Each structure stands twice: as C-alpha cells, then as structure tokens.
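The values are calculated or read from the model by the stated rules, or taken from the named source; none is laboratory data. Everything quoted here is computed from the prediction, not taken from an experiment. Every residue, glycine among them, receives a Cβ derived from its backbone with ideal geometry; neighbour counts consider all protein chains shown. The accessibility values were calculated without ligands, DNA or RNA, using every heavy atom of the protein model including side chains. Shrake-Rupley method; radii C 1.70, N 1.55, O 1.52, S 1.80 Å.
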Amino acid sequence: MQLRDHIESPCGLRYVFEQLELQAGYTRRWMLDMPMMRTGEEIAQSYEVLRQFVDFLGRVDTPYINTIQFRLQGLKDIRTTIKNLGHQAVLDDIELFEVKHLAILAVDVADRMKTHGLDQAVEIPDLNEVITILDPDGLKMASFYVYDSYCQELKELRIQMRQHPDQQEDLLAECAEIEEGVRRDLSKQLYRFAKPLEEAQMALARIDMNLAKALQMKQLGLCFPTISKDDTSRYEAMFHPQVKDALAQRKRAFQPVTLTYGLKPTLITGANMGGKTVVLKTLTLCQYLFQYGFGIPAQSADIAVKDEVFFCIGDEQSIEKGLSSFAAEMKNIDAVIKASRENRKIVALIDEPARTTNPTEGTALVSALVKVLRGDNVSLVMTTHYDIEPTDAHCLRVKGFENGTMNYELVEVQDGEVPHEALNIAESLGIDKEWIETAREILNIPNSVYLTPSNSRGLKSKGVEFDPLGEKGGNE
Amino acid sequence: MTFIDDILNYDSLSIVGLQKNTGKTVSLNYVLDRLPIDRKRIAVTSIGIDGETTDQVTRTQKPEIYLRQGMYFGTSEMHYRQKRIVSELIDVSDENTSLGRVVTAKALTGGKILLSGPSSASGLKRWMKDMHRVGLDLVIIDGALSRLSLASPAVSQSMILATGAAYSTNMTTLVNQTAFIVELINIPLTSEEQLKLLMPIEKGVWFVDSNGALHEIKTVSSLSQEIHFEGMDDCKTLYVAGALVDGFLEKVRKNPKLKTTELVVRDFTKIFVTPQQYRLFLKLGGKIRVLQKSKLIAVTVNPTSPLGVVLDSDTLCAKLTEAIHLPVYDLMKEQCN
C-alpha cells in the first residue's frame, strides 16, 4: 500500500499532506508512490534524517531556505528521458537539455547540502561529469544545443549558414546529420549515468520532502515520536490539525487529548458531541503520519509500528455498490476481522459499530466484536453508545460536561457503562420540547433533573450555563 | 514605418486577427522583421497552433513565421523537434499543450519556425512573466484565430489588430464592424482611485456611492433579465465584473437614477453588446470605462478574402482611417512596394 491509497482516508491525511510546501510537482508524485513504512528501523531512520533538516532550519536564515526552495522548483520529472538513456537510445536536444538541467541542479543542491553537513542525510550522486559532457564551453548555463565546439565541421557550416541565408535549407540538412552524430556520441557517454541521474532525481525529491516536513513541524507544532517497543501507543496532548484549524477560524481552541492504548481492546464511551470520533480520527491520522515519517500532532508520542491501519467510520453508505450504511459497515469490519486472522500487526479504529441497527442486536454485535478482535497482533480502539460487557477491556470515557462546558479529556473507568445524557443534550440544543418530554415519560424518568450515577457532577437541565454547540471550545 | 517605434514603448504586444486570414501572420512577420534586435531582447510565442504552412481550417496558404537570429521563442516540443533553425534551449516548462510541453529557446540563426505556445491565458501569463524575469524587453503574442479574449489587456499592454475581407467582403460592414471593435478597445480607463478599488473584484455586479463605499448588488446578475436597481439612489459608479450584454445596458440606460452613473467593465473583451445599443447608450449621456486597457498601436488590413474576393486596398485603408482615426496599413502591399 502506498500513500496514494491512504491519502483519502477520512482521518484527514490529505489535509496534512496538502499543507506541505512542496516545491516540485515531481516530489508530490514521488511521495504519493511511497510505500508505507512497516519496520521500526525504517521509520527511525527517516525521522533521523528529518531531525537533521529540522536542525538545519534552526541554523540557517529564511532567505537561504528560500533560495534552496526556489532551486528545487526546477526539479522536473525526467524519468522517461532517464529510461531512454538506460535503454541506450539516442537522446534529442530536449532530452539532453533535461539531463543537463538535472545535473546542474543536483550539483548545486549537493554543494549546499555539503556546506551544511547534510550530505550524509541525503546522498546525491556526483554529476559533475555529466555537466562537463554537456557543457563543452564551460558556460555553466542551464541551456543546451549541439554546441559548435563539439565539431569543427558543424561550426564552419553554421558560419556559412549565417553568411548565406539563401543556402540555409541545404546547409541545415548537412548540419542535421552531423548534429545527430554528436547526439549519438553524447548519449553513449551518458549511458552509464542513467542510474546516478535517477538517484539524483529521487534524492532531490527527498530533500524537497524533508524540507517541507521540517517546516511543517514548526508551523503546525508537531513532535518527533519515539518508536514503541511494547505494542502500546502513548500520546500526550494529541490534537487534530484540521479540526484545530477549523476551530481556530471560529476563534475556539482545541482541547488536546492524552491517551494510551495497546493490545488490550480500548473502549471509548461518552456523551454525544464529546469528541469521540475526533479522537479516533486523530489516532488514525497519527498512525499514518508516523508510518510515512511526518511530524506527529502531539506534545509527545510513543507509537507502535503496524502492518495495516483500519479506520471504520459509520455513515459510509455505498450507493454505487448498493449497500445500506449497515451493510457497508459490516463489510468494512469484516475485512478487519479477516486481516486480524492473518499474521499481520493491525490497528483497528472503529467508530460506533452497529449504530444503525436495533440496540439489542447492536449491543450483541459490539460485545462480540470486542471478543473476536483480540490477539497479540490486534490493537482495537472503538467508540460506542451501547452498554456492553467489558470483558477485560480498557475503558475510557469522555469526561463530559463540567460547569456547562464540554471537557474532552478521557478518563479511565472501570466499566463500559455509557452516560445517559442524550435527552439533556438534545434539550439544550433547543429540540422540540414535546418530543423530549415524551421520551422522558417513556423512560419514566423524573422530569426536572436526571443524572446517571457515573456522571453526577455535570449537567442539570435547568439553571446551568450549558454549551452544547461548544461555543467555548469544542472538538466536534 | 513609425508604428514599430511605438511598439518599443511597451513590454508586451499581441497581434490579433478579427477573423482567420485577416493577415495576422503577415503583420507578425512584418513586425519581427523590423524590430531593432540589437537594442531589444525579444521573445515571441503563440496561443495554440500557429505558423502551420497551410491553414488548418480553410486549407489556404499561410505564411510561416520567420525568426531573426537572437530572438527567443516559445513553442511546443513537437514543433521544436521540427524546427528549421539552429537554436539553444533555455527552458522546458511544465506547461502542457496537445503538442507536448512548451519549450523556450533562443534562435542562433534566422529561419522559419512553427509556433505553438501555451494554450491558456494563465499559462501564457506565466510564460510572459518568466520571459520578463530572465531579462527580455518585449514579448510578442501571436493571438491565434480570433480568440480576442486571450489577447486581452489582462495579458498584453499593446495590440495590433488585423482585419480584412475575410471578416466581411462588404466594405461598409467591414469598416463599421472594425471601427466598433476599435472604439471598444479605446474605451478610457476609469479613475486611479476606482481602479484600485475595483481591480481585485472578479465577479458580480457592484456599485460605488458618492462616499466611495463599495456595495455588492447581490440579487443582480449582469446576464439575467430580472434586473432591479433597488436601494441605489446614490450610485456614482456601476461595475460589471463579468460580461456586459445588451439587456443590462438597456436597463441601465432606462433607469433615471443611473443617469449620471459611470459604468465600468473589466476590459473591452467583456463587452458583448451590439453597436446599436452601445451607441444609443453613449448618445443619451451614458459613460463607460474600463479597468484594463491595451494600447492599440495599429490596424492592418488584408483586402483579400480566402474565397477570392479582393477589395480595393486604397479605398479600404482610407475609409478605415477616417472611421478610426488611426493609421491603417495593408502590409502585403507595403512589402510589394
């Protein structure tokens, strides 16, 4: 699986990717083709490189960075040309120009990297010889034609051409033949550089990517994660950049969340609008960012490496496939269970499974899922509104309303009992009174105050300043 | 010829034909042949395919574009490979056209070339910016076909208009139609102050009150039949960012509240009104202004239509000159003389 396959995940990976200030279109395509890293060594190494770039940004001034970025804008995708060269084809003027252009860029950037001790971080093959071949006059200019100095005869013909424009047609034909010979010669000399050219092109993309990632870490306040050694992921003050930005635009703050999960199933319960889905989104996003070597949106993070990430979010009606939301969800979760039986390390982040069916069967399905999706290769984090038997699960609950505002903090609880706040929240949203009252009667609950035993601090339906839409902050 | 000197006052020139076969390429070659390349660094490109030896649509003979040594040009990869001159590549862009990427090169000998540059206005603007950045003084755009909008003042500072019998073989019609386009091209700019205010607005209908405050007229589209100018008792300027059409112009003319209002459009290519409506508007005291304007340097004529009708060159030039108060040239004839 490549970044291209994960980028549309509803966790918001595309948002973070699009925020990268990549200079070359090629870098973007190259990144989208990158396979997801699946070993701790690989990931650690990529962060080691990124760390050197972050240090580099701290050492040099902005204009210098801008110069490098400007140079990198000249990075072009010349894979076809390099392939032709590899197949020992004779390159034409445009292709030779591309080769020369890449070589000049690579040498220039390599020099800058070396000056700042980054030549070990990303190695760029030495292409000085390519420049020498394509720059016979030593002009050091990124332009190309079959220069006069390649062949005395060509030079003379061209002088003649300028002196006798009337003979141009015939002279051009003669020149064309000589030029073709020169190109054949040049191509032959360049064959052995096909591989270094390809490597240089990728190295430049890697520099572009690392610069962009390093800048992004600064801009979004991301951290370097450590690699977990015990299959447990730990996040301190984790946030979702996209939700945070959206809230900031409305002058509201994102409340960071701290959370640890491992191989034991983790159940998250909590009031409606308590940010449970955002927690799952953020966990999924962080997992992908980690395995593609980006900075992590948290104060600190210790993350376990996985082979595959599953993010199942409800409401995925698949009209094309003719599946109802329930069917689509069941299919998705089915894929997770199947994957869990293979010998791969997976993380499954499932948002309110079976929410669209009747509560009796729904509760049974969810309880069963906790039993089925476990093992030494599965990490399960699941949100639910169903009261399920928490057989040896790690239960977390959103703290909920405190003094009229939502506290998105996750607290450990002993059981999976869900808070019963739906009616109060609905009432505070200004939903039709008759509807709510009737529901209360049906539940046979006293009219004025109803508090569940597990949430006795927070919400009274009357007299308390209540902020269901999260005007004072909110992770919805 | 004096208009060559005029061109040198601007950093960009587009050559636009009102119709195919109105002699645009002749005009381009004429200009390229006479520009002082020892003093000015010149780049030339085209919108879409041009410079083909026969016209793609009418299959009539077309002159090729002749570049002089030292000129820069932008063309497609395909046409670059077919070039008949010695030239040095200086850039291969990411700008894609149906004939491959746009490449830029410098002519090291004179010779004939097929031009096919960027195919979008934004691509063209980027290319021109690049050319100016590498220090070129004058960029010339061969506005292929009659795509006036791509030669709009948003793109180039000055303009040469090619007209001729291909546009109409009736001399009176030809003169009147050409004169109307010239009149639109010559609409004056609005005040400096309003330019600043209105330039960033690219859509909608807006008005400026006598205090200089800007208001959007949300319920109005300049294209809709249902136009209401309510709450606009104090309307000093009415700005149409999109197309200006007959219906709208008529509503403005008939509204007594807008009697002294200045009507502003982005540039002349956004005006799609009939000469009748336009003239009536002006006659009844209407005032129209633009935000962007190209300097029309000259009008050239080709008195021969592709179907073989030949108008009398001298009469045509004389009549046009009288109608537009600008020099008119039959360049084919000039060259024969």
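Before moving on, here are some points about what is shown:
- Residue match in the range B:109-132 (condition: farther than 22 Å from A:LYS140 by Cα, within 12 Å of chain A (Cβ to nearest Cβ) and aliphatic (A, V, I, L, M)): no
- A:LEU139 over 20 Å from A:LEU197 (Cα atoms) and without any contact (Cβ under 8 Å) to a residue 12 or more places away in the chain: yes
- Residue match in the range B:107-118 (condition: over 24 Å from the mean Cα position of the chain (by Cα), open to solvent by 10 Å² or more (accessible area, probe 1.4 Å) and within 14 Å of A:PHE97 (Cβ to Cβ)): no
- Set B:THR315, B:THR269: member being among the hydroxyl-bearing types (Ser, Thr, Tyr), buried (at least 19 other Cβ atoms within 10 Å of the Cβ) and either in a helix (DSSP H, G or I) or touching a residue at least 60 places away in the same chain (Cβ under 8 Å) (or both): B:THR269
- Against the conditions (1) modelled with pLDDT under 95; (2) farther than 23 Å from A:GLY221 by Cα, A:LEU32 satisfies every one except (1).
- In the range A:120-137, of all residues being open to solvent by 50 Å² or more (accessible area, probe 1.4 Å) and not in a helix (DSSP H, G or I), the one that is nearest to A:MET202 (Cα to Cα) corresponds to A:GLU123.
- A:VAL90 closer than 30 Å to B:SER87 by Cβ, aliphatic (A, V, I, L, M), more than 18 Å from the chain's Cα centre (by Cα) and open to solvent by 50 Å² or more (accessible area, probe 1.4 Å): yes
- Leading residue by the ranking (farthest from A:ILE178 (Cα to Cα)) among those in the range A:59-101 that are among the hydroxyl-bearing types (Ser, Thr, Tyr) and within 14 Å of chain B (Cβ to nearest Cβ): A:THR80
- A:THR115 being open to solvent by 50 Å² or more (accessible area, probe 1.4 Å), out of contact with any helix residue (DSSP H, G or I) (no Cβ under 6 Å at 6 or more places or on another chain) and within 14 Å of chain B (Cβ to nearest Cβ): no
- The residue that is farthest from B:VAL92 (Cα to Cα), among those in the range A:141-188 that are more than 12 Å from chain B (Cβ to nearest Cβ) and hydrophobic (A, V, I, L, M, F, W, C), is A:CYS151.
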